[in-house]
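The values are calculated or read from the model by the stated rules, or taken from the named source; none is laboratory data. All values derive from a computational prediction rather than experimental measurement. So basically every Cβ, Gly included, is an ideal-geometry build from the backbone, and we count neighbours across all protein chains shown.
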Amino acid sequence: MAYSEKVIDHYSNPRNIGTLDKSKNNVGTGLVGAPECGDVMRLQIEVDDATGTITDAKFKTFGCGSAIASSSLATEWLKGKSIDDALKIDNMDIVEELALPPVKIHCSVLAEDAIKAAINDYRTKNNLTPIEVH
Amino acid sequence: MLKLPIYLDNNATTPVDPRVLQDMLPYFTDVFGNAASRNHPFGWKAEEAVDYAREQVAQVIGASEKEIIFTSGATESNNLAIKGVYEMYAEKGNHIITLTTEHKAVLDTCKHLEKMGADITYLSVKGDGMIDLAELEAAMKPTTILVSVMFANNEIGVIQPIKEIAAIAHKHGALFHTDATQAVGKVNTDVNEFGIDLLSYTAHKMYGPKGIGALYVRRKNPRVKVTAQMDGGGHERGMRSGTLNVPGIVGFGKACELARLEMNQDAARLSKMRDRLENSLLELEESYLNGNKEHRLPHCTNISFKYVEGEGLMMGVKDIAVSSGSACTSASLEPSYVLKALGLDDELAHSSLRFGLSRFSTDEEIDFAINQTKEAVTKLREMSPLWEMFKEGIDLKSIAWAEH
């Protein structure tokens with residue numbers, strides 16, 4: 001299968017691989033997917049409590065090139081965004097940006113799920129009601 | 001200079017040996033006759049070439065030329081053998097025994113017959129891919145007409161105890177068929193030594209052209225017959241109609257002759273190379289060899305790299321052409337059924353690579369393959385959350401994964 005240039009770029013030079021300290025109150029962690037399905041994404045955000053801005057984002061992904069690229073792109077987009085704006089990231093934006101083929105749309109869905117899961121983890125830690133996820 | 005990408009998927013198909021191609025060429029343009037044309041030299045010459053090739057094709061498996069039925073390849077041979085025996089011996093019984101790790105050409109043929117009323121037993125294999133002979137013995141019935149077990153597996157290269165299997169089949173009055181697609185020309189597959197009644201093979205796995213194969217059908221002790229699956233001019237003693245593919249047959253013949261003459265030296269050289277590749281890759285933590293280490297083909301290996309996803313791994317080894325146990329480009333996301341049959345969980349099945357070396361593989365290519373695979377696995381693990389959890393001592397089974 002042919003990958004788009006952008007997928008190959010993110011796969012070869014993934015942005016923001018790493019781990020944030022999940023014990024910190026201003027760090028939200030989202031772990032989605034399952035090993036037996038062939039995709040597991042862990043996406044973490046660090047939030048400036050005062051401004052509600054995401055100051056750092058990191059990921060680690062077990063999955064195909066498209067899954068790695070989707071999560072790598074997501075961390076790029078998250079940095080500097082407010083939580084509210086981060087919630088507006090739609091999986092189809094990722095599909096478009098990376099030119100994912102139809103069989104790889106689930107990778108973008110997983111990335112969106114990971115963003116929402118990370119935000120909800122942050123919200124729960126800070127006694128905010130979690131947002132509803134589809 | 002290394003030419004990239006490097007081809008290490010020789011269980012899928014091999015390149016045609018230039019010596020084979022050389023012999024084939026005249027049969028496209030100069031000696032183009034129909035081997036069934038009895039009235040002129042064009043036909044006679046083609047027939048002569050076919051006769052010569054038939055002997056070469058027979059010799060590599062220790063058979064007589066009268067026992068060779070040319071087909072389009074091993075898939076057709078498997079269909080003809082199993083369906084042909086099922087129809088021919090219908091009065092004797094309707095029970096067939098095979099393995100869950102067979103190629104689809106055998107499994108789907110059996111499933112087709114099941115719908116027609118056949119009674120099929122699919123024996124599972126042991127963790128190393130080997131048949132359990134006691135289970136085979138126990139599965140035999142008075143109605144068993146055929147046991148069909150592959151000589152060597154296409155994914156893991158495991159070689160079954162063919163002699164013992166044939167003996168059990170015969171003891172209970174059944175015939176024995178083997179899909180020897182991966183084995184012929186690579187290891188000894190002498191039909192008399194092993195007691196084989198029907199054997200499927202194909203040219204393109206042994207440096208011959210695609211689109212030509214054969215079914216060996218024993219003529220003596222016992223005389224085996226199969227019902228034709230294609231109606232027509234009654235070629236191949238009525239068992240397989242259709243104009244003979246003369247250039248293909250000539251190429252198949254040459255490939256068999258070369259295999260017969262060079263098999264031992266190829267096997268010795270390739271097994272050394274394979275071992276070097278395999279040992280280097282198994283140096284990586286949490287990497288596992290799939291299949292029996294002792295009873296297997298000399299030129300291939302299948303290794304799983306835990307905590308790395310198969311398709312991502314394939315992308316990382318972009319300069320080497322290998323096969324993955326993962327089929328996640330398809331919507332079904334089904335990992336290899338062969339590896340699953342060995343008891344591997346989905347993760348390990350997904351993250352496997354099959355390396356198949358050929359007569360043309362070089363040490364330089366193997367060095368490159370080792371380095372690129374190691375780099376890819378290491379890099380992907382660095383970005384794998386599962387690897388991080390494993391390193392922290394977290395049991396992945398203890399996590400409530402959200403299936404999607």
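Select from the stretch A:49-65 the residues that are within 14 Å of chain B (Cβ to nearest Cβ) and of a type in the set (Gly, Ala, Ser) and write down the one among them that is surrounded by the most Cβ atoms within 10 Å (Cβ to Cβ). Show your work before the answer.
As a first pass, look at the stretch A:49-65 and keep what is within 14 Å of chain B (Cβ to nearest Cβ): A:58-65.
With the extra rule that they be of a type in the set (Gly, Ala, Ser), the set shrinks to A:63, A:65.
Details: A:Gly63: 30, A:Gly65: 26.
For the stretch A:49-65, the residue satisfying everything is A:Gly63.
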- Query: Does the stretch A:66-93 hold any residues that are touching an Asp or Glu at 6+ places or on another chain (Cβ under 7 Å) and either buried (at least 20 other Cβ atoms within 10 Å of the Cβ) or aliphatic (A, V, I, L, M) (or both), and which are they?
  - Reply: A:Ala67, A:Leu73, A:Ile89, A:Asn91
- Task: Give the residue that is farthest from B:Ser336 (Cα to Cα), with candidates limited to residues of the stretch A:21-38 that are more than 7 Å from chain B (Cβ to nearest Cβ) and touching an Asp or Glu at 6+ places or on another chain (Cβ under 7 Å).
- Result: A:Asn26
- Message: Quick check on my filter: what residues within the stretch B:271-304 are buried (at least 18 other Cβ atoms within 10 Å of the Cβ) and among the acidic types (Asp, Glu)?
- Response: B:Glu278
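Residue by residue through the stretch B:54-80, note down the ones that are among the small types (Gly, Ala, Ser) and out of contact with any strand residue (DSSP E or B) (no Cβ under 9 Å at 6 or more places or on another chain). Can you show your working first?
Going through the stretch B:54-80, the residues among the small types (Gly, Ala, Ser) turn out to be B:58, B:62-64, B:72-74, B:77.
B:Gly62, B:Ser64 - these are the residues of the stretch B:54-80 that are among the small types (Gly, Ala, Ser) and out of contact with any strand residue (DSSP E or B) (no Cβ under 9 Å at 6 or more places or on another chain).
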- Message: Among the listed residues B:Ala268, B:Ala228, B:Ala259, identify the single one that is more than 14 Å from chain A (Cβ to nearest Cβ), surrounded by fewer than 20 Cβ atoms within 10 Å (Cβ to Cβ) and over 30 Å from B:Asp395 (Cα atoms).
- Response: B:Ala268
- Go through the residues of the stretch B:345-366 one by one and say whether even a single one is facing chain A (nearest Cβ under 9 Å), touching a strand residue (DSSP E or B) at 6+ places or on another chain (Cβ under 6 Å) and part of a helix (DSSP H, G or I). no
- Got a sec? Which strands (runs of 3 or more DSSP E) wholly within the stretch A:1-104 have at least 2 residues that are in contact with a Gly (Cβ under 9 Å, 6 or more places away or on another chain) and among the β-branched types (Val, Ile, Thr)? A:39-48, A:53-62
- Working carefully through the options B:Ser323, B:Ser336, find the one that is touching a strand residue (DSSP E or B) at 6+ places or on another chain (Cβ under 9 Å), surrounded by fewer than 24 Cβ atoms within 10 Å (Cβ to Cβ), modelled with pLDDT of 85 or more and of a type outside the set (A, V, I, L, M, F, W, C). B:Ser323
- Message: Going residue by residue through the stretch B:217-227, is there one that turns out to be of a type in the set (Lys, Arg), free of Cβ contacts under 8 Å to residues at least 24 places away in the same chain and either assigned to a helix (DSSP H, G or I) or closer than 15 Å to B:Ile68 by Cα (or both)?
- Response: yes
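Considering only the stretch B:271-284, I want to know if a residue exists there that is assigned to a loop (DSSP other than H, G, I, E, B), in contact with a Leu (Cβ under 9 Å, 6 or more places away or on another chain) and of a type in the set (A, V, I, L, M, F, W, C).
First, the residues of the stretch B:271-284 that are assigned to a loop (DSSP other than H, G, I, E, B): B:283-284.
Cutting the leftovers down to in contact with a Leu (Cβ under 9 Å, 6 or more places away or on another chain) gives us none.
The answer is no, given that none of the residues of the stretch B:271-284 is assigned to a loop (DSSP other than H, G, I, E, B), in contact with a Leu (Cβ under 9 Å, 6 or more places away or on another chain) and of a type in the set (A, V, I, L, M, F, W, C).
I'd like the full set of residues that are within 14 Å of chain A (Cβ to nearest Cβ) and either in contact with a Lys or Arg (Cβ under 8 Å, 6 or more places away or on another chain) or assigned to a helix (DSSP H, G or I) (or both), limited to the stretch B:285-304. Reasoning before the result, please.
Within the stretch B:285-304, the first condition is being within 14 Å of chain A (Cβ to nearest Cβ), and the residues that meet it are B:286, B:304.
Once the filter is applied, which keeps residues that are within 14 Å of chain A (Cβ to nearest Cβ) and either in contact with a Lys or Arg (Cβ under 8 Å, 6 or more places away or on another chain) or assigned to a helix (DSSP H, G or I) (or both), the stretch B:285-304 yields only B:Glu286.
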- Task: Evaluate the stretch A:11-32: report whether one residue or more is surrounded by 24 or more Cβ atoms within 10 Å (Cβ to Cβ), under 27 Å from B:Lys306 (Cβ atoms) and more than 10 Å from the chain's Cα centre (by Cα).
- Result: no
- Message: Any residue at all in the stretch A:80-93 that's more than 10 Å from chain B (Cβ to nearest Cβ), at pLDDT 95 or above and under 27 Å from B:Thr378 (Cα atoms)?
- Response: no
- Pick from the stretch B:367-384 the residues that are surrounded by fewer than 21 Cβ atoms within 10 Å (Cβ to Cβ) and either without any contact (Cβ under 8 Å) to a residue 40 or more places away in the chain or among the basic types (Lys, Arg) (or both): which of them is farthest from the other protein chains (Cβ to nearest Cβ)? B:Asp367
